[in-house]
Amino acid sequence: MLKINRRAVAAGSAALAVALAPVLFPGVASAQDKKTLRFVQNGNLTILDPIWTTAYVTRDHGYMVYDTLFSSDENNVVKPQMVDKYEVSADKLTWTFTLRDGLEWHDGQPVTAEDCVVSLKRWVARDSMGQKLSDFIADMSPVDAKTFTLKLKQPYGLVLDSLGKPSSNVPFIMPKRIASTDPFKQIDSQIGSGPFIYVNAESKPGEKHVYIKNPKYKPRAEPASGLAGGKVAKVDRVEFVDMSDPTQQVNALIAGEIDMIENVPHDLLPLLKRDKNVQTVNWNPLGQQFTLRFNHLTKPFDNPKIRQAALYSMRQEDYLKATVGEPEYYKVCSAAFVCGAPNGVEIQGDLLKKPDFEKSKALLKEAGYDGTPVVLMQSTTLPVLTNMAPVTKSLLEQGGFKVDMQAMDWQTVVSRRAKKDPADKGGWSAFHTYAIAVDILNPISANWMIADGDKSWFGWPTDPEMEKLRDAYAKETDPVKSKALAVAVQNRALETAQYVWLGMWYGPGAARSNVVGWLKAPVTVLWNIEKK
């Protein structure tokens, strides 16, 4: 019913939207201005610290205002970005990095090696790859204004992959005074060295966020490729327009009141494809993976048998049909590290593909489940996640659980998931999210695989055996042995029901036909884009 209503409303109002755009979309200026790019993210941006949260809307904000030491190109090859050159000692224990000339903060101060060191120290405290890298670091310190060294306890093969991590959490470089902020507290400044400057005075969460071109930014000489190469800002101003209703987004794009939508609900794609003034763009061909995250600290999911019962209740295709709909845009995939990727090995048997509700009920009985409700947070403002929680509620209830599904906007989910209170005291039991494929290609980059208590991602699992396997993967240099260890990590995650992966989905963004230069990358970045 939801899909039919969307199509009917969208189709019926599209023509009217063109004529009445100022009324339908108040506060959004005319898109005829070729120097201003108006972009709607996949969710509203309220948190501006990309180290404090893994939320993709915040990560995208980070790429606007900050820069990185390394970045990955269109082929996922890590390339220098802020770094001009680097050297590795013969024993592979000392890495020396030299910054390129012309790096400057938005307030006019030069970027220094000390800024980089302090930024990386804050990042390693929060990120999965950063945390594993920190286990190998003996020392990290500046040599002079433009050079710093990273000294290791033993050789580590993922140094560049870590420093060039493309998605949440990204090792963005910030001024020392800002990067010195406790990593578990949010920063209060948006001074970066990236291609755009955040205009706080014109930005208002819930309406729009404004950025202007950084006139002093010196891009690299190489052509833009993925997240690497020259970050050339080709518009003078960018507005992140907060517009939560998908139909309103589509009508605004058709009317020319916005220029780009990051993700379009799949049931609205046919409408856009019929409009000659609109194009769809497959900017992330690797796709995304849905997940269900458990809270390991509170009842009922503090009990591994109860988590396993939930696992036996899952069926990926139910989620994919309810959320994506068209088989063209989804894939049932029981591999934690993405089907078709180097570490992507599917599970033997029916787990995650065909539920076994009797097995679920038997495990609940063994575990002494007392009927404690699963407090399931449902995001209502991220269209791709809205229908996930109702499917979980139905499946878990068939498997013998009681479920209390609570609806809220995505930013409330992001804030509430950080709470460790009992579920009946304002905490939570489970929530849905997703990751772009590039974030989860191995046991180190995948935040969800960390099982180190308070250092883990939200849900805070503790499993020494999992950490031993992840550590072994980090040290292994033989590709065949690495893949075997990745499979062992996947099997351990299933054995303890650490979390649930629920299939792959693919979804293009959309833009006006005069918008060119949208790069193929795991992140929507707005340099290289212009309006013809």
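A short reminder: the numbers here are calculations on the coordinates, not readings from a lab. Everything quoted here is computed from the prediction, not taken from an experiment. Neighbour counts run over all protein chains shown; Cβ positions are idealised from the backbone, glycine included.
Nearest 20 debye, what's the magnitude of the dipole of the chain about its Cα centre given +1 on Lys and Arg Cβ and -1 on Asp and Glu Cβ?
For the chain, the charge dipole is close to 520 debye.
Give the cross-link partners of LYS92 among the lysines, using a straight C-alpha distance below 16 Å as the criterion and excluding same-chain residues fewer than 8 apart.
Of all the lysines, those that pass the test against LYS92 - Cα under 16 Å, at least 8 places apart if same chain - are LYS151, LYS153, LYS475.
Would you mind ranking ARG38, ARG293 so that the residue whose beta carbon has the fewest other beta carbons within 10 Å leads the list?
ARG293, ARG38
Highest mean first, what order results for 449-457, 327-335 on Cβ atoms within 10 Å?
Packing order, densest peptide first, comes out as 449-457, 327-335.
Counting only helical runs of four or more DSSP H residues, what would the 222 nm mean residue ellipticity of the chain come to if each run contributes -39,500 (n - 2.57) and the total is spread over all its residues?
So the helix-based figure for the chain works out to -8500 deg cm²/dmol.
Quick one: putting +1 on the C-beta of Lys and Arg, -1 on the C-beta of Asp and Glu, what dipole do you get for segment 288-505 around its Cα centre, in Debye to the nearest 20?
Computed charge dipole of segment 288-505: roughly 180 debye.
With unit charges on the beta carbons (Lys and Arg positive, Asp and Glu negative) and the dipole taken about the Cα centre of the chain, which residue among PRO246, TYR86, PRO50 sits farthest to the positive side?
Positive-most Cα among the choices belongs to PRO246.
Could you check the simple spin-label distance between ASP478 and LYS153, using points 7 Å along Cα→Cβ, in nm with one decimal?
Modelled inter-label distance: 2.4 nm.
Highest mean first, how do 140-149, 301-310, 68-77 rank when packing is the count of other Cβ atoms within 10 Å averaged over residues?
301-310, 68-77, 140-149
For PHE196, list long-range residues whose amide hydrogen, built 1.01 Å from N in the peptide plane, is under 5 Å from its own amide hydrogen.
Sorted by chain and number, the residues that satisfy this are ASN214.
Label-point separation (nm) for ALA418 and LYS305, each offset 7 Å from Cα along Cα-to-Cβ?
3.6 nm
Stokes-Einstein D for segment 308-347 at 4 °C, 1.567 mPa s, Kirkwood Rh over Cα pairs, in µm²/s?
115 µm²/s
Within the P(r) computed for segment 219-290, what percentage of the Cα pairs occupies the region above 20 Å?
More than 20 Å apart: 47 percent of the Cα pairs in segment 219-290.
Determine ³J(HN,Hα), in whole Hz, for all residues of segment 458-464 in sequence, where each value follows from phi through the Karplus function 6.51 cos²θ - 1.76 cosθ + 1.60 and θ = phi - 60°; x replaces Gly and Pro.
Values per residue, Gly and Pro as x: 3, x, 6, x, 10, 8, x Hz.
Beta carbons within 10 angstrom, averaged per residue: use that to sort the peptides 359-368, 244-253, highest first.
Going by the mean number of other Cβ atoms within 10 Å, highest first, we get 244-253, 359-368.
For a Förster distance of 51 Å, can you work out the FRET efficiency between the beta-carbons of LYS365 and LYS35, rounded to the nearest 0.05?
0.20
Describe numerically, in nm with one decimal, the distance between label points set 7 Å from Cα along Cα→Cβ at ASP409 and at LYS353.
For the pair ASP409/LYS353, the computed spacing is 4.1 nm.
Full-extension gain between ALA138 and LYS402, please, as 0.36 nm times their residue separation minus the C-alpha to C-alpha distance.
Working it through step by step, the gained length comes to 90.2 nm.
What's the extension gain from ARG177 to ASN514 if we count 0.36 nm per residue and subtract their Cα-Cα distance?
Extra length available between ARG177 and ASN514 comes to 117.2 nm.
Write down the Kirkwood hydrodynamic radius of segment 29-77, to one decimal in angstroms, obtained as one divided by the mean of 1/r over all alpha carbon pairs.
13.1 Å is the Kirkwood radius here.
Can you list the residues, at least 5 places off or on another chain, whose amide H is less than 5 Å from the amide H of VAL375, using H built in the peptide plane?
ASP404, SER429, ALA430
Between ALA221 and VAL77, what is the FRET efficiency for a Förster distance of 22 Å, r being their Cβ-Cβ separation, to the nearest 0.05?
0.80
Enter the mean projected area of the convex hull around the alpha-carbon atoms of the chain, in nm², rounded to one decimal.
Orientation-averaged projected area of the Cα hull: 23.5 nm².
Under the Cβ-under-4.7 Å rule, which cysteines of the chain stay unpaired?
Among the cysteines of the chain, those whose Cβ sits 4.7 Å or more from every other are CYS116.
Distance between Cα centroids, segment 120-198 to segment 364-421: provide it in whole Å.
34 Å
Within segment 503-527, name every residue whose backbone N is under 18 Å away from a label modeled 7 Å from Cα of GLU346 along the Cβ vector.
Label zone hits: 503-506.
For segment 242-250, in order, what is each residue's ³J(HN,Hα) by Karplus, 6.51 cos²θ - 1.76 cosθ + 1.60 with θ = phi - 60°, in whole Hz (x at glycine and Pro)?
Values per residue, Gly and Pro as x: 7, 8, 7, 7, x, 5, 4, 4, 5 Hz.
Between GLU328 and SER244, 0.36 nm times their residue separation minus their Cα-Cα distance comes to what?
Residue separation times 0.36 nm, minus the Cα-Cα distance, leaves 27.7 nm.
Short version: ³J(HN,Hα) in whole Hz for each residue of segment 191-208, in order, from phi by Karplus 6.51 cos²θ - 1.76 cosθ + 1.60 (θ = phi - 60°), x for Gly and Pro, what are they?
The phi angles translate into 7, x, 10, x, x, 10, 10, 6, 9, 4, 5, 9, 9, 9, x, x, 10, 6 Hz.
From the residues TRP501, TRP460, ASN528, which one has its Cα farthest along the dipole of segment 455-532 in the positive direction, the dipole being from +1 and -1 charges on Cβ of Lys/Arg and Asp/Glu about the Cα centre?
Positive-most Cα among the choices belongs to ASN528.
Amide H of TRP283 versus every other amide H placed in the peptide plane: which residues, excluding those fewer than 5 positions away on the same chain, fall under 5 Å?
For TRP283, whose amide H was placed from the backbone, the distant partners under 5 Å are GLY509.
Run the paramagnetic zone check for LEU93: 7 angstrom along Cα to Cβ, then residues of segment 105-143 with backbone nitrogen under 12 Å.
Correct set: 138-139.
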